[in-house]
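S.K.: Shown below is the structure under consideration.
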Amino acid sequence: MTRLRFLPRALAAAATALLLAVTATVTAAVTAPGAQARTRPAAPAEFVALRTVAPTIIQEMRYLTPHNFLGRPVDGYRQPVCIVTRATAEALRRAQSGLLKRGYSLKVYDCYRPQRAVDHFVRWAEDLGDERMKAEFYPRVEKSRLFEDGYIAEKSGHSRGSTVDLTLVKLPALPTRPYRPGERLTPCYGPKAGRFPDNSVDMGTGFDCFDTLAHTDDPRITGRQRANRELLRSALGAVGFTNLPEEWWHFTHRPETFPDTYFDFPVAWDAVLGR
C-alpha cells in the first residue's frame, strides 16, 4: 500500500519532466539558426507588395490559378500578391498616376517569380505529353520547340524582382469571370471577342500567347491594337521600363535593384509583411 500511495506522485513527476523536455526541443528547433527563415520565408528589405505602394493597380495573378499555359497553379505561388522591388513599385505608381488621368489602369498578371516556378515551367516543357492548354496558349507552336524558340528558359528576369507582366484596362473596369478547368479553349491570337474574356483593352493577343503575333512591333498589329500597345509602352518607358520585343506585356525597370540575383522565396504576403 505504501508503494501504491506514492505512484501517482511519481507519474506526475515523470510527466512533468517529459513535458519540459519536449518544450525545450521545440524551442530549440524554432530558435535554431535558419529555422525562422524556413517557417517564415522573407524577401530582402528592398522588396514590397505592390498594393502597399500603388493600391489602384489591378492585379490578376495568373500563375496562382489554373488559367495559364500549364493548366494548373504554379509552384511557389501561395497568395495573389504582386511582389516587386520598391524602385519598381514606385515607378509603376508614377505610370499609373498618368494613366488614370487618361481613363486607364494598369493590370499586372505576374511580378516577382520564384526560381521554383521557373523550374516548374522547365519540367512542364520537357513533358511533351502534357498539352492540355495548347489550344489557347501555343496553338501554332510545337511544344518540342518551346526551348529553342525562347518561350521557356531555365532563368527568368522576373526572379530578380524588377520585371512585370502587365496590360491596360479601360475604366471603369469590368469584372473578369474565372476560368473553368476543362472548358473549351480558343486561340490566344484570335479576335478579342473570341478569346478568353479579359477586361483589358485589345492588344492583339492574350497574355502569355506563344506566337509571333505577340511580338510588340509585329507589323500585322495595326489600328487600335497598335495604339494600345504604344500607350502601354510609352507610359512605362517614361518611368524607366524597357519592353521585351517578343512579348508586348513584359517590362523591366532599370537600373535593376538586383541585376545578378535570382531569388526563390515564395509569392506570399508574409514574405514582405510590414513593408
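The values are calculated or read from the model by the stated rules, or taken from the named source; none is laboratory data. Computed from a predicted structure; not experimentally measured. Cβ: placed from backbone, ideal geometry, glycine included. Neighbour counts: every protein chain shown.
S.K.: Of 92, 64, 100, which residue is over 17 Å from residue 265 (Cβ atoms), buried (at least 16 other Cβ atoms within 10 Å of the Cβ) and in the same structural domain as residue 122 (by TED's automatic domain parsing)? Lay out the reasoning, then the answer.
M.R.: Details: 64 fails: over 17 Å from residue 265 (Cβ atoms); 100 fails: buried (at least 16 other Cβ atoms within 10 Å of the Cβ).
The conditions single out 92.
S.K.: Identify the residue in the range 167-186 that is in a loop (DSSP other than H, G, I, E, B) and of a type in the set (S, T, N, Q) and, among all such residues, is modelled with the lowest pLDDT. Give the derivation first.
M.R.: So in the range 167-186, the residues in a loop (DSSP other than H, G, I, E, B) come out as 171-186.
Checking which are of a type in the set (S, T, N, Q) leaves us with 176, 186.
Values: 176: 91, 186: 98.
Filtering first and then ranking leaves 176.
S.K.: How many of the residues in the range 238-251 are surrounded by fewer than 20 Cβ atoms within 10 Å (Cβ to Cβ), of a type outside the set (D, E, K, R) and either touching a helix residue (DSSP H, G or I) at 6+ places or on another chain (Cβ under 9 Å) or not assigned by TED's automatic domain parsing to the domain that holds residue 165 (or both)?
M.R.: As a first pass, look at the range 238-251 and keep what is surrounded by fewer than 20 Cβ atoms within 10 Å (Cβ to Cβ): 238-240, 242-247.
Then keep just the ones that are of a type outside the set (D, E, K, R); that gives 238-240, 242-245.
Cutting the leftovers down to either touching a helix residue (DSSP H, G or I) at 6+ places or on another chain (Cβ under 9 Å) or not assigned by TED's automatic domain parsing to the domain that holds residue 165 (or both) gives us 238-240, 242-244.
Of the residues in the range 238-251, 6 are surrounded by fewer than 20 Cβ atoms within 10 Å (Cβ to Cβ), of a type outside the set (D, E, K, R) and either touching a helix residue (DSSP H, G or I) at 6+ places or on another chain (Cβ under 9 Å) or not assigned by TED's automatic domain parsing to the domain that holds residue 165 (or both).
S.K.: If you scan the range 252-266, which residues turn out to be buried (at least 18 other Cβ atoms within 10 Å of the Cβ) and closer than 21 Å to residue 150 by Cβ?
M.R.: Selection gives 252 alone.
S.K.: On to the next question. With the structure loaded, tell me whether residue 135 is assigned to a helix (DSSP H, G or I) and of a type outside the set (Ser, Thr, Tyr) or whether it fails that test.
M.R.: Working: assigned to a helix (DSSP H, G or I): yes; of a type outside the set (Ser, Thr, Tyr): yes.
For residue 135, the condition - assigned to a helix (DSSP H, G or I) and of a type outside the set (Ser, Thr, Tyr) - is met.
S.K.: Tell me yes or no: at least one residue of the range 197-210 is among the polar types (S, T, N, Q), crowded, with 17+ Cβ neighbours inside 10 Å and touching a helix residue (DSSP H, G or I) at 6+ places or on another chain (Cβ under 6 Å). Full working, then the answer.
M.R.: Within the range 197-210, the subset among the polar types (S, T, N, Q) is 199-200, 205.
Still in the running and crowded, with 17+ Cβ neighbours inside 10 Å: 199-200, 205.
Those left that are additionally touching a helix residue (DSSP H, G or I) at 6+ places or on another chain (Cβ under 6 Å): 205.
Yes, the range 197-210 contains at least one residue that is among the polar types (S, T, N, Q), crowded, with 17+ Cβ neighbours inside 10 Å and touching a helix residue (DSSP H, G or I) at 6+ places or on another chain (Cβ under 6 Å).
S.K.: Pick from 100, 106: which is more than 16 Å from the chain's Cα centre (by Cα) and touching a residue at least 60 places away in the same chain (Cβ under 8 Å)?
M.R.: Values: 106 fails: more than 16 Å from the chain's Cα centre (by Cα).
Criteria check complete, one pass: 100.
S.K.: Exactly one condition in (1) in a helix (DSSP H, G or I); (2) under 23 Å from residue 252 (Cβ atoms) is not met by residue 123; state its number.
M.R.: (2) is the only condition that residue 123 fails.
S.K.: Hey, among the residues in the range 222-251 that are aromatic (Phe, Trp, Tyr) and in contact with a Lys or Arg (Cβ under 9 Å, 6 or more places away or on another chain), which one's farthest from residue 148 (Cα to Cα)?
M.R.: Taking the range 222-251 and keeping what is aromatic (Phe, Trp, Tyr), we get 241, 248-249, 251.
Right, trim to in contact with a Lys or Arg (Cβ under 9 Å, 6 or more places away or on another chain) and you get 241, 248, 251.
Numbers: 241: 27, 248: 20, 251: 22 Å.
Only one residue fits best here, namely 241.
S.K.: Consider residue 164 against the criteria (1) modelled with pLDDT of 95 or more; (2) on the phi < 0 side of the Ramachandran plot; (3) part of a loop (DSSP other than H, G, I, E, B); (4) not hydroxyl-bearing (Ser, Thr, Tyr): it satisfies all of them except one. Which criterion is unmet?
M.R.: Of everything listed in (1) modelled with pLDDT of 95 or more; (2) on the phi < 0 side of the Ramachandran plot; (3) part of a loop (DSSP other than H, G, I, E, B); (4) not hydroxyl-bearing (Ser, Thr, Tyr), residue 164 misses just condition (3).
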